[in-house]
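Undergrad: Here's a structure for you.
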Amino acid sequence: TVVVMVDVPSWIAAGTILENDVLVYSDIFDPLNANNYATNLTTVGAVADLSVLKFAIGTPVAGTIMHYEIQVYNAGPSVAQNVILRDFIPTWMHVVDAEVILPDVTGTVPQPCDVTEGSNALFCPLGDVAPTGSTPILVFVDVLIDPATPDGTVLTNQVDVNIVDTYDPVTSNNSASVDVTVGTAADLAIQKVGLPEKVYAGEQIRYEITVTNNGPSDARDVVVTDVLDDQVAFELTNGDCAYDAQTGEADCGYLPAGASKSFYVWVRVDADVEPGTTIENTAVVESDTDDPDETNNSVTIGNYVMSKADLRIVKFGKPDGEVRAGEYLTYTIIVDNLGPSWAWGVTLEEVLRSDGQFWLVSVES
């Protein structure tokens, strides 16, 4: 009895028929040659044990790129024919890129991964996958976490591999999933301009406040605090944020990453502010979303105050035109300040001239 063992290559397709012929002969005459030959036909079956692992790489923050590494193994013994990898991307994630890296093994070149239209599933046709040993096929998937993802959201990403044309004896290892808990971070920045920069006491200043979300996440419940100086009086406001002069707070609400909101506040400088005064105003922005850089969350500006006062003087004497000697002549002088500022150090100079004698009786103010 002769036992011959052969190794069927893993790449042999299922359904292939292997023919094995055997012939026996000797130097001695054989009267019956009909039984000296035998043949055996064996149909090849294919069995491939596929398995998949998945790992999340990086810190999941809304508005940033998250990396996933998928490892596909074929424990054999056969080539897995027509393998398809499916990656079910969760809501709040969007596929940016996918790359397949093959080990140095026999197999077909995979087709590019593609996102199925109308769904958020990534399909990667891996083709025929030979036994991989300890070196897997690697699939790298980059996804963008939606900037609007709420803080603390748990995103579950599930992946599976399936063989279309080869039997897989163990299917319990054909899928894997990984959970990530999303954090949020929104870098808010505030700018403020007060025009005119040099203002006359009694005139208006228009403050323009702009809040920008530099991302990466959307910012929720954005509030600007801008308490007005006690040397100015609030007049009106408009714009994207609802400003309350009583509290000094402006509700800007929801601010998407990359977006800005602006609002305006008109104030009038008190008329009695002395010239040379600088009126300072500080605006601060904050929100319920974590801010990674608070150095740009406040801004202080100053407006230099000058004075401008339009003085007017009116004078008349009674009786009008002519007075008799021995009678009283009364001069009335009216000084007005038409503004807009207080007039400081005002002096009235009255010069009385006559070609005859007169006496100053009284001066009343």
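The values are calculated or read from the model by the stated rules, or taken from the named source; none is laboratory data. This one's a predicted model, so the numbers in the text were calculated from it and none came from an experiment. Ideal geometry is used to build each Cβ from the backbone, glycine not excepted, and the neighbour counts take in all protein chains shown. SASA here: full protein model, heavy atoms, side chains in, ligands and nucleic acids out. Shrake-Rupley method; radii C 1.70, N 1.55, O 1.52, S 1.80 Å.
Undergrad: Points 7 angstrom from Cα along the Cβ direction at Met306 and Glu364: gap in nanometres?
TA: So the label points at Met306 and Glu364 sit 4.1 nm apart.
Undergrad: Here's another thing I want to ask about it. Which three numbers, in whole Å and largest first, are the semi-axes of the equivalent ellipsoid of the chain derived from its Cα gyration tensor as √(5λ)? Spell out each step's value before the answer.
TA: Values: eigenvalues 1983, 37, 33 Å².
For the chain, the semi-axes come out at 100, 14, 13 Å.
Undergrad: Spelling out what I want: for every residue of the stretch 132-140, take phi, set θ = phi - 60°, compute 6.51 cos²θ - 1.76 cosθ + 1.60 (Karplus), and round to whole Hz; glycine and proline get x.
TA: Using θ = phi - 60°, the values come out as 9, x, 8, 10, x, 6, 10, 10, 9 Hz.
Undergrad: If you rank Ile84, Ile65 by how much accessible surface each has, with a 1.4 Å probe, what is the order from largest down?
TA: Details: Ile84 55, Ile65 75 Å².
Result, largest first: Ile65, Ile84.
Undergrad: Run the reach check for Lys192 against lysines, Cα to Cα strictly under 21 Å, same-chain hits fewer than 8 apart removed. What comes back?
TA: Lys192 reaches Lys261.
Undergrad: Any idea of the accessible area per residue across the chain, 1.4 Å probe, to the nearest Å²?
TA: 60 Å²
Undergrad: Measure off, as a whole percent, the carbon and sulfur share of the 1.4 Å-probe accessible area of the stretch 1-107, all protein chains present. List each step's numbers first, then the result.
TA: Details: 4070 of 6960 Å².
Solvent-exposed carbon and sulfur of the stretch 1-107 make up 58 percent of the total.
Undergrad: Under a plain spin-label model, where a point goes 7 Å from the Cα along Cα-to-Cβ, how far apart in nm are Ser134 and Leu236?
TA: About 7.8 nm, to one decimal.
Undergrad: Let me understand the stretch 149-195 better: what is its radius of gyration from the alpha carbons, and its Dmax, in angstrom?
TA: Final numbers for Rg and Dmax: 22.6, 77 Å.
Undergrad: Starting from the Cα-Cα distance between Ile334 and Arg206, subtract it from 0.36 nm times their residue separation and give me the gain in nm to one decimal. Present the calculation step by step, with values, prior to reporting the outcome.
TA: Details: separation 128, 0.36 × 128 = 46.08 nm, distance 3.48 nm.
Full-extension gain reported as 42.6 nm.
Undergrad: Just for the Cα atoms in the stretch 1-106, what are the lengths along the principal axes, largest first, rounded to whole Å?
TA: 88, 19, 18 Å, listed from the longest principal axis down.
Undergrad: Need the list of lysines near Lys198 for cross-linking: C-alpha distance under 23 angstrom, and skip anything on the same chain fewer than eight residues off.
TA: Lys308
Undergrad: Quick one: which of 312-321, 173-182, 122-131 comes out on top by average Cβ neighbours within 10 Å, and what's the full order, highest first? Kindly include the intermediate steps, with their values, before the conclusion.
TA: Working: 312-321: 9.4, 173-182: 15.7, 122-131: 21.3.
Averaged packing, sorted descending, gives the order 122-131, 173-182, 312-321.
Undergrad: By how many nm would the segment from Ser354 to Ile313 lengthen if fully extended, with 0.36 nm per residue of separation less the alpha-carbon distance? Spell out each step's value before the answer.
TA: Details: separation 41, 0.36 × 41 = 14.76 nm, distance 2.17 nm.
Contour length minus the Cα-Cα distance gives 12.6 nm.
Undergrad: While we're here: Based on alpha-carbon atoms only, what is the radius of gyration of the stretch 211-318 relative to the globular estimate 2.2 N^0.38 Å?
TA: On the way: Rg = 19.5 Å, N = 108, 2.2 N^0.38 = 13.0 Å.
Relative to the 2.2 N^0.38 Å estimate, the stretch 211-318 comes out at 1.50.
Undergrad: Still on this structure, please answer the following. So what are the radius of gyration and Dmax for the Cα set of the stretch 212-251, in Å?
TA: 12.6, 39
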